[in-house]
Structures are given as structure tokens and as C-alpha cells.
Amino acid sequence: MNNHKVTVNVTNRTIVRTILWIIAAVVLFWFVRRVSHILILVFVAFFLALALNPAVGWLSRRTKIRSRIVATSAAYVIIIALLALFFALVTPPLVKQSRQFINEIPQQVENFQHQNSSLARFARKYKFDQK
């Protein structure tokens, strides 16, 4: 068996470079944390620009709008109007069905407790129906 001694020499330069890298990482983390809301806005704007580019191009070609700003504004207004219409159509039935479901829960629980299904027997066996 060989008993070789290994010697590791760490120079002062290596220690200083390591400390500087750690400081740089902390400063970078602090900077990104401070400007994260700005970065989020930039990425959202970039995503919207990419997503709306085909619609803006189509609008500018079909409606003879030569200003890209006006076409972009029109596309945003159309998208917001479509979203508002979607929510106006979906929300009332969803609210109605949710209220109906909440009102029917006690009756459904009572029906479940008096059933003779395997799930109801399991619930009675382990006293889940009382909870």
C-alpha cells in the first residue's frame, strides 16, 4: 500500500478570486431581485408583441391602417373586448351552477350516507360519514 502525501497549495490570489466571485454573485442576485418587477414587465411586453404580431399585420393589411401604433392599439382593444365577452358569457352560468351545487351538498351527503354502495359501506366502516 502506497502512502503518498498530497499537498494542496492555495494561493492568496485564489482566495481573493473566490471571495470576489461570491461578492459578485450576491450583488447580481440583489440587483435581479430589485429589478424583477421591471424584468417581468419587459418579458410580458415581449410575449404580447410576439403573440399580437400576426393580428397587427393582418389588421394593417386589411383595414388600410398604415400606422403600426394604431393597428397595435386596435388589436389590444379587440383582444380585451373578446376577453370581456368571454368572461361575461362564462361567469353567470358558473356562478349559478356553483350556487346550485352548494345548495345541494347537504342533500347529496345525506343520500350518500343512506346508500348501500361499496363506497358508502367503506365510509361507514371507517366512520368517514360522521366527519
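The values are calculated or read from the model by the stated rules, or taken from the named source; none is laboratory data. On a predicted model such as this, the values are computed, not experimentally measured, just so you know. Quick reminder, even Gly has a Cβ in these numbers, built from the backbone with ideal geometry, and neighbours come from all protein chains shown. For accessibility, only protein heavy atoms count, side chains too; no ligands or nucleic acids. Shrake-Rupley method; radii C 1.70, N 1.55, O 1.52, S 1.80 Å.
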At R0 = 41 Å, how high is the FRET efficiency between Asn53 and Ala25 if r is their beta carbon distance? Nearest 0.05 is fine. 0.65
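In square nanometres, what is the average projected area of the Cα convex hull of the stretch 49-131?
Details: hull surface 39.1 nm².
Averaged projected area of the stretch 49-131's Cα convex hull equals 9.8 nm².
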In order over the stretch 24-29: 3J(HN,Hα) from phi, Karplus 6.51/-1.76/1.60, θ = phi - 60°, whole Hz, x for each Gly or Pro, gives 4, 5, 5, 5, 4, 4
Please give me, ordered by residue number, the trypsin sites (Lys or Arg not before Pro) of the stretch 8-87 that lie in loop per DSSP and have at most 10 other Cβ atoms within 10 Å. Lys64, Arg66
Using the Karplus equation 6.51 cos²θ - 1.76 cosθ + 1.60 (θ = phi - 60°), what ³J(HN,Hα) coupling, rounded to whole Hz, does each residue of the stretch 100-112 give in order, writing x for Gly and Pro? 4, 4, 5, 5, 8, 4, x, 5, 5, 5, 5, 4, 5
Length released on extending from Ile102 to Leu41, taking residue separation times 0.36 nm less the Cα-Cα span: 18.1 nm
Which order do Ser73, Ser60 take by accessible area at a 1.4 Å probe, largest first? Ser73, Ser60
Residue span Gln113 to Ile15: 0.36 nm per residue of separation minus Cα-Cα distance leaves a gain in nm of 28.2 nm
Between Ile79 and Arg34, the FRET efficiency computed from the C-beta separation at R0 = 41 Å comes out, to the nearest 0.05, as 0.85
